1. Would it be correct to say that residue 172 is within 21 Å of residue 130 (Cα to Cα), in contact with a helix residue (DSSP H, G or I) (Cβ under 9 Å, 6 or more places away or on another chain) and outside any helix (DSSP H, G or I)?
2. Among the candidates 230, 219, 237, which residue alone is at pLDDT 90 or above and surrounded by fewer than 16 Cβ atoms within 10 Å (Cβ to Cβ)?
3. Identify, please: which residue in region 135-171 is among the hydroxyl-bearing types (Ser, Thr, Tyr) and within 25 Å of the chain's Cα centre (by Cα) and is, among those, modelled with the lowest pLDDT?
4. Going residue by residue through region 178-185, is there one that turns out to be over 30 Å from residue 245 (Cα atoms) and modelled with pLDDT under 75?
5. In region 222-245, which residues are under 31 Å from the mean Cα position of the chain (by Cα), over 15 Å from residue 194 (Cβ atoms) and not aliphatic (A, V, I, L, M)?
6. Out of everything in region 201-211 that is surrounded by 15 or more Cβ atoms within 10 Å (Cβ to Cβ) and within 38 Å of the chain's Cα centre (by Cα), what residue ends up being modelled with the lowest pLDDT?
7. Hey, does region 271-285 have a residue that's in contact (Cβ under 8 Å) with a residue 60 or more places away in the chain, of a type in the set (Phe, Trp, Tyr) and in contact with a helix residue (DSSP H, G or I) (Cβ under 8 Å, 6 or more places away or on another chain)?
8. Pull out all pairs, ordered by first then second residue, where Cβ-Cβ is under 8 Å, the residues are six or more apart or on different chains, the first lies in region 39-66 and is closer than 30 Å to residue 29 by Cα and in the same structural domain as residue 29 (by TED's automatic domain parsing), and the second is assigned to a helix (DSSP H, G or I) and modelled with pLDDT of 70 or more.
Amino acid sequence: MSQWAEPRDFKEWARRAFGLRPIVTLMLVSSVLILEFRFDWMERILGAYLVTTNSERPESGSIWEKSRQTRTARKALEQILTDKQTLQREARSAASFTQIAANVTPGEGVMLSADHFRKLYLRLAPSIAHEIISPFELLGIVSDGLWRRTYFEKSGSGLMIYLLDANNRVLRQLELGVIMLSQLKRGEVALTESLDQLPIFENRIYPADRFFHSLESFPEDVRRSMVPQPETLLEVPGQIVRIGISDETQSGFIELGFEFLNGAQRRVVLVQGHEWAVWRLRSNLEGTDMDNASRQISDQTEDRTPP
C-alpha cells in the first residue's frame with residue numbers, strides 16, 4: 001500500500017518515476033504511438049470495423065449528403081444525355097416539321113442536315129412552304145454553298161429554325177408560329193375521319209371517278225396546279241373514294257380533301273391547289289353535273305310526249 005501513497009521525499013519520487021514498471025509502460029505506449037504513425041493501424045482497424053457496420057448505420061452527415069448529391073447529379077446527367085440522344089434520333093427520322101415541333105421541348109434543340117430540311121420542305125404544300133421561306137430565296141441559299149446544317153429550337157408555342165454554315169453562323173432565321181404549325185399539321189397529317197365530318201367540304205364532295213374524269217380533261221401543267229405533288233397521294237394506302245373541295249381561299253390556294261378507304265378505316269388527306277386552277281376544276285365538275293341534269297330532264301320530256 002506504500003506504493004500508492006504520496007512520496008515523502010525527492011528520492012522516493014525519483015525511484016518511483018524511473019522504476020522498471022514506469023519505463024516498461026512508457027516504452028509500450030511509445031511503441032504503440034510509433035507504430036500508429038508509421039502504419040496507421042488504428043485507422044485501418046477502425047475503418048474495417050466501420051465497413052462491416054456500414055449497412056446498419058443511417059446515411060446522415062455531410063459526407064453522405066455529398067455522396068447522395070453526386071449520385072443524383074450523375075443520374076440526372078445520364079438522363080439528360082439519354083433524352084438528347086433520343087430527341088436527336090427521333091428528329092433525324094422525322095418525316096415532317098410537325099413531328100419535330102412535337103418532340104422538341106422548351107430549352108432544347110435538335111440539329112439536322114441541310115439536305116434533311118430540304119426534303120421536309122419539298123413535302124409541304126406550295127402555299128405553306130412559301131409562307132415559311134420563298135423557294136427562290138432557299139435556292140439562293142443553296143447556291144451559295146454555305147448552308148451545312150439546320151437547328152430547330154422551341155420558342156414559346158412556336159418553332160425557331162436557323163440555317164447555319166460550317167462555323168454555325170446564322171445564314172437565315174425562320175419562325176413557325178402557332179398558326180403556321182396548325183396549318184402544317186392539317187396539311188401533313190392524314191385526318192382519321194370522313195369528308196362528311198369536315199364542314200369546309202359541305203355540299204362540295206364528289207365521287208372519285210367523276211373527279212378524276214374531270215381532272216383528265218385538263219392539260220398536264222394545269223392538273224399539276226389543281227393537285228400539286230400527286231405522288232404524295234400514291235404513298236397513302238387504300239383507295240380514293242371521294243374528293244372534297246373547300247370554298248375557302250388561303251393565300252391563293254384552296255384545300256382539297258381526298259378520302260381514302262383502307263379496309264374498314266377511312267381517313268382524309270388534305271392537299272392545297274392553286275386557286276385559279278381549282279376554280280376551273282370545280283366549274284368543270286358543276287358543269288358536268290348540270291349537263292347530266294339537263295339530259296335527264298330532256299329524256300323525261302321525250303318519254304311524256306305522245307307519238
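The values are calculated or read from the model by the stated rules, or taken from the named source; none is laboratory data. What you see is a predicted model; the values in this text were computed from it and never measured. Cβ coordinates were reconstructed from backbone atoms using ideal geometry, including for glycine residues, and neighbour counts include every protein chain displayed.
1. Values: within 21 Å of residue 130 (Cα to Cα): yes; in contact with a helix residue (DSSP H, G or I) (Cβ under 9 Å, 6 or more places away or on another chain): yes; outside any helix (DSSP H, G or I): yes.
Yes, satisfied.
2. None of the others qualify; the one that does is 219.
3. Just the residues of region 135-171 that are among the hydroxyl-bearing types (Ser, Thr, Tyr), to begin with: 143, 150-151, 155, 157, 162.
From the residues that got through so far, the ones that are within 25 Å of the chain's Cα centre (by Cα) too are 150-151, 155, 157, 162.
Details: 150: 88, 151: 87, 155: 79, 157: 73, 162: 90.
Among residues in region 135-171 that are among the hydroxyl-bearing types (Ser, Thr, Tyr) and within 25 Å of the chain's Cα centre (by Cα), the one modelled with the lowest pLDDT is 157.
4. Quick first cut of region 178-185, residues over 30 Å from residue 245 (Cα atoms) only: none.
No, because not a single residue in region 178-185 is over 30 Å from residue 245 (Cα atoms) and modelled with pLDDT under 75.
5. 228, 229, 230, 231, 232, 235, 237
6. Restricting attention to region 201-211, the residues satisfying the condition of being surrounded by 15 or more Cβ atoms within 10 Å (Cβ to Cβ) are 201, 204-206, 208, 210-211.
If we keep only those that are within 38 Å of the chain's Cα centre (by Cα) as well, we get 201, 204-206, 208, 211.
Numbers: 201: 88, 204: 91, 205: 93, 206: 94, 208: 93, 211: 94.
Among them, the one singled out is 201.
7. no
8. 41/35; 42/36
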